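Colleague: Below you will find the structure I want to go over with you.
The values are calculated or read from the model by the stated rules, or taken from the named source; none is laboratory data. A quick note: this is a predicted structure, and the numbers were derived from the prediction, not measured. Reconstructed Cβ throughout: ideal geometry from the backbone, glycine too, with neighbour counts over all protein chains shown. The area values use the complete protein model at the heavy-atom level, side chains included, leaving out ligands, DNA and RNA. Shrake-Rupley method; radii C 1.70, N 1.55, O 1.52, S 1.80 Å.
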Amino acid sequence: MNDSETALAVRMTEKALHRDVTGKRHMPVEGIVCVVAVHNRGQAKEVLEEMVRNHTAGWARMKPETYHISDEDAAVEFLEENGGNIPFRYNHDVK
């Protein structure tokens, strides 16, 4: 992934964790890519597909066109490595 694709992946992963799109909760592709600018949504769909194929940040497909984060720890690690904002309930370093 190049820098712009990584930025899209970080943004989608942040929002998915924030919205608790994990475990059995899933969301259609339109609900996931809506967090990026309109002109980037086509690219965001491609990035999401790539993340699912490569098991990046814990993303998985539940049904055709619906996705979720199946591994929250992998998502948090991905955000830490790429400078993303980790939602408070996942930030175990907070004292």
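Colleague: How much FRET efficiency would the formula 1/(1 + (r/R0)^6) give for residue 20 and residue 66, where r is the Cβ-Cβ distance and R0 is 22 Å, rounded to 0.05?
Modeller: Using R0 = 22 Å, I get an efficiency of 0.90.
Colleague: Another question about this same structure. For residue 62, enumerate residues with amide H under 5 Å from its amide H, sequence gap 5+ or separate chain, H modeled in the peptide plane.
Modeller: 67, 68
Colleague: Over the Cα atoms of the stretch 45-95, how large are the radius of gyration and the largest Cα-Cα distance (Dmax), in Å?
Modeller: That works out to 12.0, 40 Å for Rg and Dmax.
Colleague: Pop out the carbon and sulfur fraction of the accessible area of the chain as a percent, whole number, probe 1.4 Å.
Modeller: That share works out to 47 percent.
Colleague: Moving on. Can you give the log10 of the normalised intensity I(q)/I(0) at q = 0.22, 0.31 Å⁻¹, computed with Debye over equal Cα scatterers of the stretch 1-41?
Modeller: Taken in order of the listed q values, log10 I(q)/I(0) reads -0.71, -1.11.
Colleague: With each pseudo-label sitting 7 Å past Cα toward Cβ, what's the residue 46-residue 81 distance in nm, one decimal?
Modeller: Distance between label points: 2.2 nm.
Colleague: Please provide three numbers in whole Å: the alpha-carbon extents of the stretch 9-72 along the principal axes, with the largest listed first.
Modeller: 30, 23, 20
Colleague: At 1.4 Å probe size, with every protein chain present, just tell me what the per residue accessible area of the stretch 56-95 comes to in Å².
Modeller: 65
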